[in-house]
Amino acid sequence: MARRAVITGIGVVAPSGIGREPFWQLLTSGKTATRTITQFDASEHRCRVAAECDFDPLALGLTRQQARRTDRVSQLAMVAAGEALADSGLELDGELAERTGVAIGSAVGGTTTMEREYAVLSNGGKDWVVDPSFAPPHLYDYFLPSSIASEVALTTGALGPAAVISTGCTSGIDSVGYAAELVRDGSADVMITGATDAPISPITLTCFDVIKATSARNDDPATACRPFDRTRTGLILGEGSAVLVLEEYEHARRRGATIYAEVAGYASRCNAFHMTGLKADGKEMSEAIDLALGDARLDPTAIDYVNAHGSGTKQNDRHETAAVKLSLGDHAYRTPMSGIKASVGHSLGAIGSIEIAACALSMRHGVVVPTANLHEADPECDLDYVPNTARERELGAVLTVGSGFGGFQSAMVLKNLERSAS
Amino acid sequence: MNQDVVVTGVDVIAPNGAGLDAYWEATLKGVSAIRPIGRFDAEGYPVRLAAEIPEFDAEFTFPKKLTPQTDRLTRLALICAEGALSDAGVDPAELPEYAVGVAVSSSTGGLEFGQQQLQQLWGTGWESVSPYMSFAWYYAVNTGQISIRSGMRGPGGVVVSEQAGGLDSMAFARRRVRKGTQVMTTGGFDSLLCPYGISTVAAAPGVSGSADPDRAYLPFRADSTGFVPGEGGAVLVLEPRTVAEERGAETVYGVVAGHGAAFDPDVTGSGGDGLLRAARAALSDAGLTPDDVDVVFADASGSVPLDRAEAAAIERLFGARRVPVSAPKSLVGRLISGGSALDVVTALLSLRDGVVPAVPGTVRDLVDPRIDLVVGEPRTASLRCALVLARGHGGFASAMVLTAP
């Protein structure tokens with residue numbers, strides 16, 4: 001009997017608040033958590049809006065030493081992992097700890113602390129040969145993105161295979177896909193998996209400002225990001241983390257665990273086209289969707305909902321609309337497809353896992369979350385993007401897609417076992 | 001039954017040799033690349049030595065158009081990937097659309113490029129930052145650029161676990177091949193040899209502060225001073241044995257027979273059994289036992305407690321001094337994810353030529369007596385199976401079993 005990977009725990013730290021509940025409340029309300037940046041003085045930047053988390057690591061249980069040796073990117077994941085593990089009801093000890101691995105996605109790792117320390121060592125950007133005598137003792141830990149996986153393993157007690165997956169903005173789908181494969185092929189029975197990013201820093205904001213990928217609608221922060229809307233002007237950065245407990249199906253069933261969904265299919269493709277550009281035809285994303293459906297042994301018509309990448313750029317909206325039509329055919333027009341980045345921002349590598357968490361919660365509640373800020377649909381985007389208002393709908397299988405710099409295209413299919421069993 | 005996944009192409013850009021033959025010749029001759037840092041004035045730095053890659057021919061013919069958007073590390077990775085594909089005789093353009101994928105690990109990204117742009121931002125202002133900054137520094141840059149340059153549209157992946165990343169990426173690539181991707185391009189490439197990068201590693205435990213290139217990185221001794229940072233890496237081409245045979249691949253270097261990974265919560269180093277668990281998992285995955293292993297390529301961190309822990313793990317696995325142990329990274333420093341990928345290539349060449357590279361600058365009497373570290377001159381032996389061990393800073397342990405074709 002083939003091994004299957006199921007989600008038995010979810011933890012979320014998102015701009016809506018700490019935990020699954022405030023996250024779900026925000027998504028279903030159709031409201032947004034984008035605001036004028038408070039984490040640093042962004043007044044000189046082109047884009048001055050982001051979706052920030054109100055996050056205090058000490059108040060959430062991290063020790064002072066944990067907080068000192070980690071960047072915020074790890075802290076978000078540590079807190080999300082704690083919620084996920086508690087939700088799953090698993091106790092990681094003895095042999096189970098050795099059979100539990102960690103796979104966390106992140107696009108930019110600890111860049112916020114790296115930049116902060118750079119500013120000190122370089123004397124405010126003056127010196128090329130920076131002064132290492134000002135380096136804090138944990139600078140190498142901030143520098144290595146893999147520290148995130150290390151900290152999540154330490155905080156959960158996992159002793160199995162651990163790694164960070166860093167494929168830019170598809171990291172959050174790719175890490176869960178990677179974890180599901182480890183469960184399926186027997187390398188682990190449980191995977192603590194998900195993704196995290198905390199990119200709201202001058203350098204990362206600048207990265208997107210200089211190529212005008214960000215929305216400059218600074219006068220109205222709450223509606224700055226408008227996926228699939230004719231008036232969209234770009235993406236808004238976000239931060240956050242979602243961590244899932246992925247467990248081998250029989251293992252979960254034997255202990256009577258509550259199962260959110262099965263990670264039934266996954267695939268990734270490169271477009272080999274351009275580091276930041278997308279071809280309008282959506283061909284490689286469509287190929288990834290087809291393969292993920294094949295992996296899940298599902299017909300395209302089985303998909304009840306599509307969670308879109310929906311970053312808020314014209315290029316992306318048209319690209320993925322084309323991709324979904326290619327793969328789902330006429331069924332695409334009958335399938336609700338919404339994106340959550342208007343609400344929680346684009347948290348780069350983290351968002352793919354945050355979207356998987358949203359999909360799993362949608363299946364649990366039988367609710368399709370809306371695309372916020374969508375009032376005047378782009379005539380080139382003619383699918384049902386679920387504008388502004390949530391809908392009740394039983395979901396048997398859902399598709400989530402992601403697209404990232406480097407040309408990466410990823411797709412994942414989740415199956416609702418309760419519904420497919422009945 | 002899982003099918004055999006074989007290595008049919010390799011290329012290397014290492015501090016002591018750019019290109020497979022140059023690297024292998026230098027490694028067997030015991031040519032060390034450890035020298036005082038030459039890339040910038042490191043006067044007063046707590047780390048004074050590094051293994052830098054000198055400029056080499058292929059860099060001068062690299063397309064100028066790509067230079068402004070790439071860190072040097074990415075250019076090296078691109079040159080190396082082309083070399084590995086050419087060695088394998090694989091042209092992605094001649095294969096079906098999605099037949100070839102890429103998974104090259106990186107822990108540093110284009111760090112020097114990143115430091116330059118941080119200087120622009122903090123020294124001048126955000127408008128002066130390069131439009132390429134959004135992708136030229138990040139960890140997926142090498143994988144993305146390689147896929148674009150060689151037209152590889154299959155699966156992509158970037159598995160990061162510091163020094164273990166080269167092995168973990170190869171395991172990822174093997175999984176993709178087993179699930180139907182015809183060819184995977186994999187390995188690891190890293191460099192932190194710029195002022196800010198050296199400053200990060202200088203803050204970490206384990207790096208050598210020695211100023212003596214002959215003494216700075218001599219692992220498995222009670223008087224080891226640590227490791228020396230290096231740069232570069234290796235790219236390998238993996239495919240199913242059946243496909244390689246059908247297309248008449250010129251060389252089959254070996255079989256990626258087994259992989260195992262584990263987390264060791266004793267992060268700085270001694271008591272945990274992560275490396276042992278990873279090695280056992282790799283052997284079990286390969287369907288082999290310790291008796292089958294003819295040579296071990298050690299992680300050889302150069303830190304006294306970590307080296308002792310590794311020697312103890314090797315002793316527990318094989319018994320004391322039962323199997324030759326090699327540590328060729330003592331010549332080129334630690335290349336982070338590039339290091340374990342390079343060790344795999346070295347292991348494959350050892351299997352091919354029946355010779356184990358030596359740590360030339362050490363003496364047997366000073367080496368941990370529990371292991372048979374090959375010192376002085378390379379040792380010839382009949383080799384069928386190699387075990388490569390790697391540990392990444394932060395508790396990552398990984399092991400790979402390679403067998404002769």
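Quick look at the numbers
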quantity	calculated
Residue that is farthest from the other protein chains (Cβ to nearest Cβ) [pool: residues in region B:92-111 that are assigned to a helix (DSSP H, G or I) and more than 20 Å from B:GLY165 (Cα to Cα)]	B:GLU94
Members of region B:147-169 found to be part of a helix (DSSP H, G or I) and over 13 Å from A:THR167 (Cβ atoms), listed by number	B:ILE148, B:ARG149, B:GLY165, B:GLY166, B:LEU167, B:ASP168
Subset of region B:128-140 that is part of a helix (DSSP H, G or I) and more than 7 Å from every other protein chain (Cβ to nearest Cβ) - its residue that is farthest from the chain's Cα centre (by Cα)	B:SER128
Number of the exception - B:SER382 against (1) surrounded by fewer than 20 Cβ atoms within 10 Å (Cβ to Cβ); (2) touching a helix residue (DSSP H, G or I) at 6+ places or on another chain (Cβ under 8 Å); (3) of a type outside the set (D, E, K, R)	(2)
Segments classed as helices (runs of 4 or more DSSP H), wholly inside region A:47-99, with at least 1 members that are of a type in the set (S, T, N, Q) and surrounded by fewer than 24 Cβ atoms within 10 Å (Cβ to Cβ)	A:64-69
Condition met for A:THR214 (facing chain B (nearest Cβ under 7 Å), in contact with a helix residue (DSSP H, G or I) (Cβ under 9 Å, 6 or more places away or on another chain) and either surrounded by fewer than 24 Cβ atoms within 10 Å (Cβ to Cβ) or touching a residue at least 60 places away in the same chain (Cβ under 8 Å) (or both))	no
Residue list for region B:279-312, filter: under 28 Å from A:ARG69 (Cβ atoms), surrounded by 19 or more Cβ atoms within 10 Å (Cβ to Cβ) and either without any contact (Cβ under 8 Å) to a residue 60 or more places away in the chain or among the aromatic types (Phe, Trp, Tyr) (or both)	B:ALA309
Unmet criterion (only one of (1) away from every other protein chain (no Cβ under 14 Å); (2) touching a Ser or Thr at 6+ places or on another chain (Cβ under 7 Å)) for A:CYS270	(1)
Answer from B:GLY209, B:GLY233 - the residue that is farther than 30 Å from B:ARG175 by Cα and either modelled with pLDDT of 95 or more or of a type outside the set (Phe, Trp, Tyr) (or both)	B:GLY209
Selection within region B:308-329 - among the charged types (D, E, K, R) and closer than 17 Å to B:PHE396 by Cβ	B:GLU310, B:LYS329
Members of region B:249-278 that are small (Gly, Ala, Ser), within 13 Å of another protein chain (Cβ to nearest Cβ) and crowded, with 22+ Cβ neighbours inside 10 Å	B:GLY258, B:GLY260, B:ALA261, B:ALA262, B:GLY274, B:ALA278
Residues (under 24 Å from A:ALA51 (Cβ atoms), within 22 Å of the chain's Cα centre (by Cα) and among the aliphatic types (A, V, I, L, M)) located in region A:364-398	A:VAL367, A:VAL368, A:VAL369, A:ALA372, A:LEU374, A:VAL386, A:ALA390, A:VAL398
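The values are calculated or read from the model by the stated rules, or taken from the named source; none is laboratory data. As the structure is a computational prediction, the values presented were derived from the model and not from experiment. Methodologically, a virtual Cβ is constructed for each residue, glycine included, from the backbone with ideal geometry; neighbour enumeration extends over all protein chains shown.
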